[in-house]
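First up is the structure itself, then whatever we jot down about it.
Throughout, read-outs are computed from the coordinates displayed, never taken from laboratory work. Please read these numbers as outputs of a predicted model, since none were measured by experiment.
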Amino acid sequence: MRSSDLNTAIVYSAYGSRASYYDDWLDAFSNAPYFKTRSFNIAVNEPKKDFIQTIAEYDLIVLLHSVNADNLIYAREILPALQKRKGKLLSFVGNEISLPGAPMVPKIQYLKDAGADFIATQLLLETGEYLYSDTGAKVLAVPHALNPDAFKPVIAQKDRTIDVGMRSFRYPATFIGDEDRNRLIDLFEANAFSRL
């Protein structure tokens, strides 16, 4: 089998505000010549039903960050199908921290119950291997998939004296335990065109 023949289901959950890495990994898989892809938004009933009905067709199933980042509501609905799949399962993990509404323990249990073959972590490899050791999956350390079509300079490098960029949103202090992230956003918003 040529790599371009790898029939791949890309599963995501679009239900509200989006982080750029959700879209970037979806674009990366969809545009890669190595995969024959079909995408499924499991937050919508028809695509979710379609995925469940066609799951046996896929050599590889990829669960993107959004499937488990904020909750497991939609992920649990496809769990029985994942347990009966024929292809390999690669799962990314969104928000690899224990948030009040989305702690890590249920996410890890879900990966174990789904029988993930591979887990893609944005943590250091050793940390990911330790964190996901009970799942039985091979842990892969992967970078962010910044989409060069979405993240490109609009001002030439030679014309920029300061080069700082961020695409994000304000987090409640309870998410990360402090306000440093929000203070940094405030600093750059207040001084966007000054030399500080």
*Along its principal axes, what span do the Cα atoms of segment 44-145 show, with the longest given first and each in whole Å?*
36, 28, 26
*Where the centre of each part is set by its Cα atoms, how far does segment 88-136 sit from segment 61-76, in angstrom?*
11 Å
*Normalised by the residues of segment 66-142, what does the relative contact order come to in percent, with Cα pairs under 8 Å and at least six apart?*
29 percent
*At a Cα cut-off below 28 Å, give the lysines reachable from Lys48, other chains included and same-chain residues fewer than 8 away excluded.*
Lys36, Lys84, Lys86, Lys88, Lys107, Lys112, Lys138
